[in-house]
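*Asks:* Submitted below is the structure of interest, expressed as structure tokens.
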Amino acid sequence: MTLEKGKRRRAKRQRAKRRLFFGGTIGIIIFAAGMFLFPLLSHNGLDTVLEPKSSIEEPVELKISCVGDIMVHKSQLQAQYDTNSNTYDFTNNFQYIKDYIESADLALCNVETTFRGEPYSGYPLFSAPETLANALKDSGFDVAITANNHMMDTGFSGMQKTIEVLRDAGFVTAGSRKEGEARYATIDAKNVKVAVMAYTYETPSQNGQTMINGNPLNAQAETLINHFNYDTLDEDLQNLSNDIQNAKKGGAEIIICYFHWGEEYQRSPNDWQQYIAQKAANMGADIIFASHPHVLQGMEILENTDTGKRVPVFYSMGNLISNQRTETLNNRYTEQGMIATVKLSYMKSTGEVLNISQEVMPTWVDKYSENGKLVYSIVPLDENLENNPALKSSGHLTRARQALDDVNALLAN
């Protein structure tokens with residue numbers, strides 16, 4: 001073989017090796033790319049990789065509950081007092097409804113007493129131990145409503161101290177405020193901003209002075225309480241409209257209105273209640289809770305006449321707890337209350353309430369003596385009624401069943 005031929009053969013072998021090397025490298029690259037891309041390819045084809053499916057927004061499901069009047073009469077003070085520790089403990093009052101309250105994403109209650117400090121007192125000028133606030137918070141409530149006809153029982157200082165005690169216990173408060181604060185409260189529920197605004201009725205004026213339950217408001221108190229007068233109702237309701245608009249401008253997504261209104265011991269709403277409720281619905285309220293009559297009244301879903309939006313209203317949630325009952329008032333309906341609940345689906349991107357509904361868990365206040373001591377228990381009138389420990393101790397199952405029949409009959413109308 002000549003030298004020239006040898007050189008040509010060696011060059012040919014080197015070119016073949018290079019082709020083999022580069023060909024193998026390309027094959028490895030293609031294989032690796034295929035292994036990477038294959039999981040991305042669905043049965044829908046390559047377009048799944050090029051155009052990934054966007055996430056679909058799910059509405060926020062909210063459960064909002066509220067209860068009516070929480071009162072502490074003199075006999076309740078005696079029942080909750082512990083002589084050994086010289087303290088008051090209200091925890092047992094709420095133990096059987098705690099699960100219902102805690103199951104809500106947002107829970108509200110009307111605190112119809114003040115926290116002035118000792119000496120404590122019941123009707124007619126309510127002032128309860130601060131431990132009541134702690135027991136309510138422990139039960140799962142988030143918002144304490146302070147707008148009611150007993151809010152000024154211990155004067156301006158008592159009204160302001162009540163706000164402090166409730167906030168120290170962990171509550172957001174609505175209905176009265178400190179100087180410089182908004183007329184409504186805001187709270188987040190599952191990342192939805194909820195505004196709560198509460199209002200109480202005025203009693204007839206004396207010498208041109210605004211009165212709450214016969215207690216005169218000084219100039220400062222008048223600006224720090226949300227109140228309305230039936231004689232100047234349309235003018236006063238403009239404050240409600242302004243509050244709703246300001247709350248929305250401040251980012252509120254859901255508006256809850258609470259009203260302390262109506263006639264005591266009347267089991268149906270009056271014309272004023274229905275008028276105010278429709279006005280509130282038209283102004284932009286999403287939910288309306290109310291109390292004061294100390295008995296239950298009906299519920300319904302109103303429509304905003306401009307937008308068609310459905311607005312649940314509970315005209316009176318009755319007493320959650322008090323000493324008003326058959327033995328004291330010859331009125332069994334004052335023993336009955338409800339955990340009023342609204343369930344809704346809220347679409348954050350559009351600010352739209354897609355679905356909304358209302359439901360009720362009836363409650364009954366049991367009062368009995370055990371080991372020589374008075375006991376007050378709020379009993380949920382649910383499917384476990386016959387096994388409720390309080391009813392087993394008191395023997396009052398028949399009365400509880402009567403209460404359930406009363407509530408069902410009322411709400412069926």
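Just so it is clear, none of the values below were taken in a lab; they were calculated from the coordinates. These numbers were taken from a predicted model, which means no experiment stands behind them. All Cβ positions, even for glycine, are placed from backbone atoms using ideal geometry, and neighbour counts span all protein chains on display.
*Asks:* What order do you get for Trp364, Trp261, Trp272 when you list them from fewest to most C-beta neighbours inside 10 Å?
*Replies:* Trp272, Trp261, Trp364
*Asks:* Something else about it: Assuming R0 = 25 Å, can you tell me the calculated FRET efficiency for the pair Leu233 and Asn213, based on Cβ-Cβ distance, to the nearest 0.05?
*Replies:* 0.85
*Asks:* Once the cut-off is 18 Å, how many percent of the Cα-Cα pairs in segment 58-132 end up in the long-distance tail?
*Replies:* Value for segment 58-132 (Cα pairs over 18 Å): 49 percent.
*Asks:* Checking the table Lys74/Lys367; Lys178/Lys249; Lys190/Lys348; Lys249/Lys348; Lys137/Lys348 against a 19 Å threshold on Cα-Cα, which pairs fail?
*Replies:* Result: Lys178/Lys249; Lys137/Lys348 exceed 19 Å.
*Asks:* Give the relative contact order (percent, whole number) for segment 153-280; include only Cα pairs under 8 Å separated by 6+ residues.
*Replies:* Once divided by the residue count of segment 153-280, the mean separation gives 24 percent.
*Asks:* Continuing with the same structure: Charges on Cβ only, +1 for Lys and Arg, -1 for Asp and Glu, centred on the Cα centroid of segment 60-412; of Phe314, Thr173, His227, which one is farthest towards the dipole's positive end?
*Replies:* Thr173
*Asks:* Could you give the length gained on full extension between Thr328 and Thr350, defined as 0.36 nm per residue of separation minus the Cα-Cα distance, in nm?
*Replies:* Length gained, Thr328 through Thr350: 2.7 nm.
*Asks:* Separation of segment 176-254 and segment 295-347 by C-alpha centroid, Å?
*Replies:* 20
*Asks:* Ok, one more. Out of His73, Met338, Gly214, whose Cα points farthest toward the positive end of the dipole of the chain (charges: +1 Lys, Arg; -1 Asp, Glu; placed on Cβ)?
*Replies:* Of His73, Met338, Gly214, it is Met338.
*Asks:* Could I ask something else about it? Can you tell me the 0 to 90 degree angle between the C-alpha axis of helix 271-283 and the longest principal axis of the chain, rounded to 10?
*Replies:* That works out to roughly 20 degrees.
*Asks:* Just order 311-318, 165-172 by mean Cβ neighbour count inside 10 Å, highest at the front, would you?
*Replies:* Answer by packing, highest mean first, reads 311-318, 165-172.
*Asks:* From the Cα gyration tensor of segment 148-238, with a ≥ b ≥ c the square roots of its eigenvalues, which class applies: rounded if a/c is under 1.5, or else prolate if a/b is larger than b/c, or else oblate?
*Replies:* oblate
*Asks:* Separate question: Using only DSSP helix segments of four residues or longer, with each worth -39500 (n - 2.57), what per-residue ellipticity at 222 nm results for the chain after dividing by its residue count and rounding to 500?
*Replies:* The per-residue figure over the chain is -10000 deg cm²/dmol.
*Asks:* Tell me which of Ile244, Asn355, Val111 sits at the most positive position along the dipole axis of the chain, charges placed on C-beta atoms (Lys, Arg +1; Asp, Glu -1).
*Replies:* Asn355
*Asks:* Roughly how big is segment 208-275's charge dipole about its Cα centre, with Cβ charges of +1 (Lys, Arg) and -1 (Asp, Glu), in debye to the nearest 20?
*Replies:* Approximately 260 debye in magnitude.
*Asks:* Continuing with the same structure: Cα to Cα, under 15 Å, and not fewer than 8 places away if on the same chain: which aspartates and glutamates meet these conditions relative to Lys161?
*Replies:* Reachable aspartates and glutamates: Glu112, Glu118, Glu130, Asp153, Glu179.
*Asks:* Can you tell me the dipole magnitude for the chain around its Cα centre, using point charges on the Cβ only (Lys, Arg +1; Asp, Glu -1), in Debye to the nearest 20?
*Replies:* 4700
*Asks:* Indicate, rounded to the nearest 5 percent, the antiparallel portion of the DSSP beta bridges found entirely in the chain.
*Replies:* Here the antiparallel bridges make up roughly 65 percent for the chain.
*Asks:* Given a cut-off of under 8 Å on Cα pairs at least six residues apart, what relative contact order in percent is computed for segment 60-412?
*Replies:* 16
*Asks:* Moving on. So if I average 1/r over every pair of distinct C-alpha atoms in the chain and take the inverse, what Kirkwood radius in Å does that give?
*Replies:* Result for the chain stands at 24.3 Å.
*Asks:* Separate question: If we count other beta carbons within 10 Å of each Cβ, what is the order of His294, His73, fewest first?
*Replies:* So the ranking, lowest neighbour count to highest, is His73, His294.
*Asks:* Report, in debye and to the nearest 20, how large the dipole of segment 116-207 comes out about its Cα centre when Lys and Arg carry +1 and Asp and Glu carry -1 on their Cβ.
*Replies:* Here the size comes out at about 240 debye.
*Asks:* If you don't mind, another one. In what sequence, highest mean first, do 79-86, 92-99 appear when ranked by Cβ atoms within 10 angstrom?
*Replies:* Packing order, densest peptide first, comes out as 92-99, 79-86.
*Asks:* Add +1 for every Lys or Arg and -1 for every Asp or Glu among the other residues with Cβ under 12 Å from the Cβ of Tyr184, and state the total.
*Replies:* So the environment of Tyr184 carries a net charge of +3.
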